[in-house]
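This report refers to the structure that appears directly beneath it.
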Amino acid sequence: MKVILRTFNLKLKHPFTISRESHTIQPSLIVELQSEGYSGFGEATSNPYYKITVDSMKQNLEKIIPFIESVTNETPEEFWQKAYQYLKNDMFALCALDMAYNDLYARKKGEKLYQLWGYSTDNNPMTDYTIGIDTIEKMVSKMKELPWPIYKIKLGTKEDIAIVTELRKHTNAIFRIDANCGWTVAEALNNAIELKKLGVEFLEQPLKADNWEGHRELFKNSVLPIIADESCIIEEDVAKCHNHFHGVNVKLVKCGGLTPARRMISQAKKLGMKTMVGCMTESTVGISAIAHLLPQLDFVDMDGGLLLAEDIATGITISDGIIKYSELNGTGVTLISK
């Protein structure tokens, strides 16, 4: 097996701003695994909140190229367990590697990834489209630029209710709110009352990640469901979130790829929690991988490719929130920028 590592600076259509940071360029690492005439692709983006850079991921993967190239016919689960021993301190790099291996494995088997997993795609959820924090006028403009059935609205400002009130005047779409740890318990409880009136479906991560007591209070008293994001990083966190959140948003880069994400989703479902997968402004490489988890999800946020000024791959396509799979096997990705 041959390993190829590529880095990209993905330019965004608009500055992407959340409660704690803003950026216009998203650095990304693409892993390609080649074997027996097939290629599998994986992706992980950098993230300052988690202190992850493209360079650090690349260096950690370069160190274990001899291990990767020695792999033969391991299942993705077997491969992940071995790779985890090398990359347990860099789940983002592990994600890119795991994603590429899953893609390669399914292509060798002659199946799409969801088919290999035995999933039916008859009732896949639609994806939302994210409106980052900006002036109210610019947030309205971004929404009008791409009419969509479901919007995720980033909040965590002093004008949060005013923002959603104004956005509601321009669309009948479902709203989802992501405060990215930007509220207090009192703000979350009070905002939930007003936001429910404005057609909001749920709140994502309103409090700081380690405020378990606060989230327990919200879980018991909020008029809107609460979904964990920053509080749900790895597999062990799902059980912690039980009875503190109504659902979990699993991010592939944070948990180490598709393989652990599937286990997290299964565990959450067994605990009676809602399941969601979100993206981290990946290109269509990472977004296409997410698509194969759709049959197991209640909600999905996979708009990374839609936020880019220019994509680097083809794969799944999204129209009006509805995801269509590529005709290719695996995750269905073809890299167009090398």
Against the definition (in a helix (DSSP H, G or I), free of Cβ contacts under 8 Å to residues at least 60 places away in the same chain, open to solvent by 50 Å² or more (accessible area, probe 1.4 Å) and of a type outside the set (Gly, Ala, Ser)), how does Lys144 come out, yes or no? yes
Out of (1) over 24 Å from Ile265 (Cβ atoms); (2) open to solvent by 50 Å² or more (accessible area, probe 1.4 Å); (3) in a loop (DSSP other than H, G, I, E, B), what's the single condition that is false for Asn190? (3)
So the helices (runs of 4 or more DSSP H) completely within the stretch 237-295 holding 3 or more residues that are in contact with a helix residue (DSSP H, G or I) (Cβ under 8 Å, 6 or more places away or on another chain) and open to solvent by 10 Å² or more (accessible area, probe 1.4 Å) are 258-270
It is to be established whether one or more residues within the stretch 161-169 are in contact with a strand residue (DSSP E or B) (Cβ under 6 Å, 6 or more places away or on another chain) and open to solvent by less than 60 Å² (accessible area, probe 1.4 Å). no
Right, Arg168: in contact with a Gly (Cβ under 8 Å, 6 or more places away or on another chain) and more than 18 Å from Met276 (Cα to Cα) or not? yes
Quickly run through the stretch 302-326 and pick out the residues that are open to solvent by less than 30 Å² (accessible area, probe 1.4 Å) and touching a helix residue (DSSP H, G or I) at 6+ places or on another chain (Cβ under 9 Å). Met302, Asp303, Gly304, Gly305, Leu308, Ile312, Ala313, Gly315, Ile316, Ile323, Ser326
When you check Ile234 against the structure, is it in a strand (DSSP E or B), open to solvent by 10 Å² or more (accessible area, probe 1.4 Å) and among the β-branched types (Val, Ile, Thr), yes or no? no
Return the residues of the stretch 193-211 that are more than 21 Å from Arg20 (Cα to Cα) and of a type in the set (A, V, I, L, M); say none if nothing qualifies. Ile193, Leu195, Leu198, Val200
Considering the stretch 193-204 alone, what residues qualify as being in contact with a helix residue (DSSP H, G or I) (Cβ under 9 Å, 6 or more places away or on another chain) and in a strand (DSSP E or B)? Val200, Leu203
Just to be sure before I move on: is Ile25 in a strand (DSSP E or B), closer than 26 Å to Lys112 by Cα and of a type in the set (Val, Ile, Thr) in the structure I sent? no
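The values are calculated or read from the model by the stated rules, or taken from the named source; none is laboratory data. It should be emphasised that the depicted structure is a prediction, and the values quoted were computed from it without experimental measurement. Cβ coordinates were reconstructed from backbone atoms using ideal geometry, including for glycine residues, and neighbour counts include every protein chain displayed. Only protein heavy atoms, including side chains, enter the accessible area calculation; ligands, DNA and RNA are left aside. Shrake-Rupley method; radii C 1.70, N 1.55, O 1.52, S 1.80 Å.
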